[in-house]
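The values are calculated or read from the model by the stated rules, or taken from the named source; none is laboratory data. Keep in mind that what you see is a predicted model, and the values were worked out from it rather than measured. Every residue, glycine among them, receives a Cβ derived from its backbone with ideal geometry; neighbour counts consider all protein chains shown.
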Amino acid sequence: MKSLAMRIYRRLAWAFPHEFQMVYGADVIQLGEDAMDDIWEQHGFFGLARLLADIAMRLPIEYLSEMRRDLAYALRTLAKSRGFAAVGVLSLGMGIGIATFSASEFFNLILPDAPGVKDPGRLAIEMGTSYPYFEHYRDQRDLFAGAAAYQGPVPFNVSLNSPLGGAVNSKAERVFGHLVSPEYFSVLGVRAARGRTFDAQVDRPGSAPVVFISDRFWRNRMDSDPDAVGRAIQVNGQEATIVGIGPRDFLGVTPIRPAEIFVPTTSPAAMVPELAGDVLHKRDAKFFEALFRLAPGVTLKSAEAGLDTITRHLDEESLDPARNVQGRRVTLVPGGKLVPVPREVIPLIFGLALLLDGLIVGIACMNLANMQLARATTRRREVAIRLSVGASRFRLIRQLLTESVLLACAGGVAGILCAYLAAAVFKRIKLPVAFPITIDLTPDWRAVLFTCAVSLAAGIGFGLAPALASTRADLAFMLKEGALAQVRGYRRFGMRNLLMVSQVAGSLMLLLITGFLIIGFDKGNRVDIAFDPMKMYLLSLDPVRDGYSAEKAANLFDKLPERLQRAPGAQQIVLAEAPPFSPLMATSTLAARSDAGAPDQVVQKVAKQTIGAGYFAALSVNMLEGREFSPSDQRIDSSKNQLLPVVLNETAAREFFGNRDPLGRRIAEGSRAYDVAGVVKDLSAPLSGSGDTAELTSQIPTVYFPLTRSDFAHSPVGGMTVMVRATRGADTLEGVRREIASLDPNLVMFNVRTLAEQVDEATAVMHLDTFFYGAIGSFGLILAAIGLAGVTAYSVARRRKEIGIRMALGARKGQVLRLVMREGGTLVMAGTLLGFLGAIAVSRALGAASSIFGPSFAAGSRDPRLLLGAPLLLGALAMLACYVPARRSVKIDPLIALREE
Amino acid sequence: MPKPDAFLPLKTNWFHILLSLAGEDQHGYGIMQEVLDRTGGKVRLWPATLYGSLKRLIEAGLIEESGERPARKFDDPRRRYYRLTRLGRRVLDAESVRLQELVRILQVKRGLEVLE
């Protein structure tokens, strides 16, 4: 027993930290052996256990205390070289901050489930379907445990009636909500916190109007009124009864666009203009989203395949123009998430983010490794002395690593601050959409954890190699020669050179990739306006939701342009369904009728815009061919088989008709045909997309439809936009206000702004992106310059003696300068070449793999400014970074240099 | 030199070690034995803890390794001897003053209790 205990005791004693063991190891063992008999006699078995426990507990304490001393020592060393520490913390902080910010994007937007929803993993959404299609889908019991249709975000003008019937709170507020089929809540598995949810058995067409409100609405707008259920409120001017209040955090199926109230599809069209025109029975009215709960055992993929078959069948029946298109007709995206994003897209988006983040953190690390290496070489003597007095190599490596990890942790803290800052900036930017969006990118604990992991990895990453290199040394040689030891001449593939080359290459890659993106974004999203955008006012009206009947609203818009013309300085008054240069949703499918027998030319992902007479003239855009809409087009009654004219943009004209003249030809959507009356150049529409993802291009085929009386009755999400082009400033706006008030004082004017503000808003995200990528690119550039300067400075310092001898022997200053610069120049050239090739390869690969970045890369990577400019800029900066410290070499006084040591 | 008061109150282990070294220089085993004897076997400084404390006492400058060895017939050449530094002695003094003060206060209180 005693001998076993002694064996364990000895093992443990050997495990003490090297220094402790060197000094006390033998004594501890000796004392243990001496005391063993005594302990055994006095305490028996428990005494032995106590002896072992004592030494086992002492082990971590000794290690910790050593670590603390390492830390204190590292702090002292870093405090001594403040410049190095500052550059390190700053560069790592920025790198890690950017990485944390994009990680937060993943953790806060993509990963989380919609709150308040039961079993969100089993939900799926199909975007853009019609109600009759949905009714067919709903019956597929083998695929779906439940299905619902919804439309959202939909604006509602809501005013609360006072309980006494008087109009206490008469001012209507614009609230966004969902228009839902009665199955909505049961499919989501959401129960009412008070009252009831909708029910297909109870809520039928023709029953009294009802509304379901969210907890947020109840708290913020009704002061948590305990008698809210059963109260009547005004919704779009019609009375509706509150039947229930949602659970606390429930904000609808896509909480990123929060829904405050829910109105059933069984409501009368007078209350919900979205239901006007009998959309519930029109197969081509693809205004709804279908929400499914998958049946047990059914996957997203198999449900999609099943739906596809059904949809093709339905398309065939209803002669949908897209019925002959190859490929899937239906795309299901995972529901129950904050944002519905197709699964395939996620790795792509985050692939690019990960690549850029990796490059940034990688470059920052390489830079620090380089500086650390240079420092380590000047610290050779210290290292050698410590090794020779008995420090173990492991101990020294740990000491050096502590320093890097400490630096990295400080960088991590700076990074978290940086990420918070970025999130705060992002929060202040208003997104160019008509409905509220909740995006919170504040880093949470997962992002912080991620940051810590990255910092730790970075610390070890850039600390380990220099630590290994600097402790592998010939002691006697180094002690003799000290820091000025000439280290075997110029090594072509030394670690420092490799680091330098890869740093230059990485920086150039970063600069080029971000440059491609910036130029691509810029080309795709620049808004060109041929006049002063401060002199066009935009304002929105939504008379239908102010309680107007369809007829009355149509009459209002009919006479509105004429009336507003009376305002002083008003030049042109134009109506449109959406403000100009706002994002387009390219989700429609239209077909060009062919001449004789040939199949129709079907074009998918077409954007539709509905505009009033004189729209293009007001924007100073000339027609390329044909004419634009006139007031008479607005009066065409489309129900009487009269053909409506349409205007195509250039891209649409090309995609529908190729090289043929489009004027007078027909295009059709569903069964309705239109007459092409004109062609206009592509107008930019930043942030447009086809529903699944934002595509960063302006080349979206767009069909312009004229506003008609039925559009006036069915006002869009953002209300009807009135564009007022004026010759003068603010008094025109005052005149417009007066005219509208004189028409009807109850008409609510909202979203009043100039075109300049509208464009700023639309491009704010782009500017943020440009700034973001620009910062990343220039960050890499600065890092590379710092790294090069450090290495050159070090190389000059190392060769002081050699340079002194050369100069003593008669070398001229220019020759010495050239000698020093040649070394840096070779590295820069090699790095530039590698980086250039790398950037081209990466952007090709990313561009080919993704429809999101493809156009940007295609547009950006052909830009000669960038292809020539970036390498030249980097090269010039790098040579400058070499030159500044190299100049010091010619100032070396040969006498002093030779006398040293 | 740091002030002795900075070390007060002394950790138990430190106090016992300093007390053992107050008379003469000692090696580790000797310290352990003396503490055992002095406390009637109640306090045992286990080996690893003992050397951990010795290391810290040296770092704090309260004790140092002694260069003097005892007479040859008592000397064990494998062992290292430790002795108090001037600081260590002053810390020990300060601690005993502190303890005396505590005992005095206790006695005064006791005395008062008895008087009542």
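So that you can scan it fast, the table gives a plain yes or no per residue for (1) part of a helix (DSSP H, G or I); (2) surrounded by fewer than 18 Cβ atoms within 10 Å (Cβ to Cβ); (3) more than 13 Å from chain B (Cβ to nearest Cβ):
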| position | (1), (2), (3) |
| --- | --- |
| A:Ser3 | yes, yes, yes |
| A:Tyr24 | yes, no, no |
| A:Glu33 | yes, yes, no |
| A:Ala49 | yes, yes, no |
| A:Glu62 | yes, no, no |
| A:Arg68 | yes, yes, no |
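Mind checking which residues of the range A:7-22 are over 55 Å from the mean Cα position of the chain (by Cα) and more than 12 Å from every other protein chain (Cβ to nearest Cβ)?
Filtering the range A:7-22 down to residues over 55 Å from the mean Cα position of the chain (by Cα) leaves A:7-10, A:22.
The answer is A:Arg7, A:Ile8.
Applying the selection to the range A:795-818, what residues are under 52 Å from the mean Cα position of the chain (by Cα) and at pLDDT 80 or above?
Step one: list which residues in the range A:795-818 are under 52 Å from the mean Cα position of the chain (by Cα), which gives A:795-800, A:814-818.
Once the filter is applied, which keeps residues that are under 52 Å from the mean Cα position of the chain (by Cα) and at pLDDT 80 or above, the range A:795-818 yields A:Gly814, A:Gln815, A:Val816, A:Leu817, A:Arg818.
If A:Ile55 passes every condition in (1) among the β-branched types (Val, Ile, Thr); (2) under 30 Å from A:Glu382 (Cβ atoms); (3) modelled with pLDDT of 85 or more but one, which one does it miss?
Of everything listed in (1) among the β-branched types (Val, Ile, Thr); (2) under 30 Å from A:Glu382 (Cβ atoms); (3) modelled with pLDDT of 85 or more, A:Ile55 misses just condition (2).
From the list B:Tyr51, B:Tyr82, B:Tyr29, exactly one residue is hydroxyl-bearing (Ser, Thr, Tyr) and more than 14 Å from the chain's Cα centre (by Cα). Which is it? Walk me through it before giving the result.
Numbers: B:Tyr51 fails: more than 14 Å from the chain's Cα centre (by Cα); B:Tyr82 fails: more than 14 Å from the chain's Cα centre (by Cα).
So the residue among B:Tyr51, B:Tyr82, B:Tyr29 that is hydroxyl-bearing (Ser, Thr, Tyr) and more than 14 Å from the chain's Cα centre (by Cα) is B:Tyr29.
State whether the residues of the range A:155-173 include one that is modelled with pLDDT of 90 or more, outside any loop (DSSP other than H, G, I, E, B), of a type outside the set (Gly, Ala, Ser) and at negative phi.
Of the residues in the range A:155-173, the ones modelled with pLDDT of 90 or more are none.
Scanning the range A:155-173 turns up no residue that is modelled with pLDDT of 90 or more, outside any loop (DSSP other than H, G, I, E, B), of a type outside the set (Gly, Ala, Ser) and at negative phi.
Taking A:Gly459, is it within 25 Å of A:Arg398 (Cα to Cα), at pLDDT 70 or above and in a helix (DSSP H, G or I)?
Numbers: within 25 Å of A:Arg398 (Cα to Cα): yes; at pLDDT 70 or above: yes; in a helix (DSSP H, G or I): yes.
It is true that A:Gly459 is within 25 Å of A:Arg398 (Cα to Cα), at pLDDT 70 or above and in a helix (DSSP H, G or I).
Conditions tested, residue by residue: (1) modelled with pLDDT under 90; (2) within 14 Å of chain A (Cβ to nearest Cβ).
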site	(1), (2)
B:Leu45	yes, yes
B:Ile63	no, yes
B:Gly67	yes, no
B:Arg72	yes, no
B:Asp76	yes, yes
B:Leu92	no, no
B:Glu95	no, no
B:Glu101	no, no
B:Arg104	no, no
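A quick yes/no check of all residues on (1) within 29 Å of A:Val263 (Cα to Cα); (2) assigned by TED's automatic domain parsing to the domain that holds A:Arg398:
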position: A:Ile55; (1), (2): no, no
position: A:Leu90; (1), (2): no, yes
position: A:Gly97; (1), (2): no, yes
position: A:Phe106; (1), (2): no, yes
position: A:Ile125; (1), (2): yes, no
position: A:Gly128; (1), (2): yes, no
position: A:Pro132; (1), (2): yes, no
position: A:Glu135; (1), (2): yes, no
position: A:Arg141; (1), (2): yes, no
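Step by step: first the residues of the range A:734-762, then only those that are touching a residue at least 40 places away in the same chain (Cβ under 8 Å) and assigned to a loop (DSSP other than H, G, I, E, B), then the one that is surrounded by the most Cβ atoms within 10 Å (Cβ to Cβ). Which residue is that?
In this case the residue turns out to be A:Val748.
Testing A:Glu183 on (1) surrounded by 18 or more Cβ atoms within 10 Å (Cβ to Cβ); (2) among the charged types (D, E, K, R); (3) modelled with pLDDT under 90, one condition comes back false. Which one is that?
With respect to (1) surrounded by 18 or more Cβ atoms within 10 Å (Cβ to Cβ); (2) among the charged types (D, E, K, R); (3) modelled with pLDDT under 90, A:Glu183 is out only on (3).
Restrict the check to the range A:87-101 and report whether at least one residue is part of a helix (DSSP H, G or I) and either at pLDDT 90 or above or in contact with a Lys or Arg (Cβ under 8 Å, 6 or more places away or on another chain) (or both).
Let us first name the residues in the range A:87-101 that are part of a helix (DSSP H, G or I), namely A:87-101.
With the extra rule that they be either at pLDDT 90 or above or in contact with a Lys or Arg (Cβ under 8 Å, 6 or more places away or on another chain) (or both), the set shrinks to none.
No: zero hits.
Please pick out the residue among A:Ala424, A:Ala414 that is surrounded by fewer than 16 Cβ atoms within 10 Å (Cβ to Cβ), at pLDDT 75 or above and in a helix (DSSP H, G or I). Working first, answer last.
Working: A:Ala414 fails: surrounded by fewer than 16 Cβ atoms within 10 Å (Cβ to Cβ).
Being surrounded by fewer than 16 Cβ atoms within 10 Å (Cβ to Cβ), at pLDDT 75 or above and in a helix (DSSP H, G or I) holds for just one of A:Ala424, A:Ala414, which is A:Ala424.
For residues that are touching a Pro at 6+ places or on another chain (Cβ under 9 Å) and small (Gly, Ala, Ser), scanning just the range A:29-76, find the one that is farthest from A:Ser404 (Cα to Cα).
Only one residue tops the list, namely A:Ala35.
Output the number of the condition that A:Gly790 fails; it satisfies all remaining conditions of (1) free of Cβ contacts under 8 Å to residues at least 40 places away in the same chain; (2) over 13 Å from A:Leu512 (Cβ atoms).
That leaves (1) as the condition not met.
Residues that are in contact with a strand residue (DSSP E or B) (Cβ under 7 Å, 6 or more places away or on another chain) and closer than 20 Å to B:Asp93 by Cα: find the helices (runs of 4 or more DSSP H) completely inside the range B:1-76 holding 2 or more of those. Outline the logic, then answer.
Working: elements: B:12-23, B:28-38, B:47-60.
It comes to B:12-23, B:47-60.
Can you find a residue that is farther than 19 Å from A:Gly459 by Cα, in contact (Cβ under 8 Å) with a residue 24 or more places away in the chain and within 38 Å of the chain's Cα centre (by Cα) anywhere in the range A:63-85?
no
Quick check on B:Leu92: is it surrounded by 13 or more Cβ atoms within 10 Å (Cβ to Cβ), touching an Asp or Glu at 6+ places or on another chain (Cβ under 8 Å) and over 20 Å from A:Gln30 (Cα atoms)? Steps first, please.
On the way: surrounded by 13 or more Cβ atoms within 10 Å (Cβ to Cβ): yes; touching an Asp or Glu at 6+ places or on another chain (Cβ under 8 Å): no; over 20 Å from A:Gln30 (Cα atoms): yes.
In short, no.
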